[in-house]
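To keep things clear, I will list the structure first and then write my remarks on it.
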Amino acid sequence: MTNGNRRKIAEATRKILAERFPKTFVPQGSSQPKRPLKVKILDDLIAACPDIRPYRLSHALHDYTHGAKY
């Protein structure tokens, strides 16, 4: 998988997470500061979002937590 594909997957998944969990995830490009995430939140997301593959959730979390505003 290329970096461009990972980025697209991460952005699309982040959008879904922001829609489903607006109190947890700030939409990309928002002026709001990102909220800190719980340690091991990936496990919770995998359980709460069985329709999203775990690698997609992982890419989205990596993108979310490695941004300049986090």
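The values are calculated or read from the model by the stated rules, or taken from the named source; none is laboratory data. Everything numeric in this text was worked out from a predicted model, so none of it was measured. Please note: Cβ atoms are built from the backbone with ideal geometry, for glycine as well, and neighbour counts cover all protein chains shown. The protein model used for the area step is the full one, side chains on, heavy atoms only, and it has no ligands, DNA or RNA in it. Shrake-Rupley method; radii C 1.70, N 1.55, O 1.52, S 1.80 Å.
Just tell me which aspartates and glutamates come within less than 14 Å, Cα to Cα, of K15; anything on the same chain fewer than 8 places away is out.
Within the straight-line cut-off, K15 pairs with D63.
Per residue, how much accessible surface does the chain expose to a 1.4 Å probe? Answer in Å², no decimals.
Heavy-atom SASA per residue in the chain reads 70 Å².
Mark the label point 7 Å from the Cα of A48 along Cα→Cβ and return the residues of the stretch 1-30 whose backbone N is within less than 12 Å of it.
The answer is 17-26.
Once every DSSP H run of n ≥ 4 in the chain is given -39500 (n - 2.57) and the sum is divided by its residues, what mean residue ellipticity at 222 nm do you get, rounded to the nearest 500 deg cm²/dmol?
-17000 deg cm²/dmol
Can you give me the % of accessible surface on the chain that is carbon or sulfur? Probe 1.4 Å, all protein chains present, nothing else counted.
Working: 2680 of 4880 Å².
Carbon plus sulfur share of accessible area: 55 percent.
In debye, nearest 20, what is the charge dipole magnitude of the chain about its Cα centre with +1 on Lys and Arg Cβ and -1 on Asp and Glu Cβ, if you could check? Can you show the working numbers first?
Values: 14 positive and 6 negative charges, 32 e Å.
Computed about the Cα centre, the dipole is about 160 debye.
Please tell me the relative contact order of the chain in percent, rounded to the nearest whole number, where contacts are Cα pairs under 8 Å and at least six residues apart.
Working: 55 pairs, mean separation 27.2, N = 70.
Value for the chain: 39 percent.
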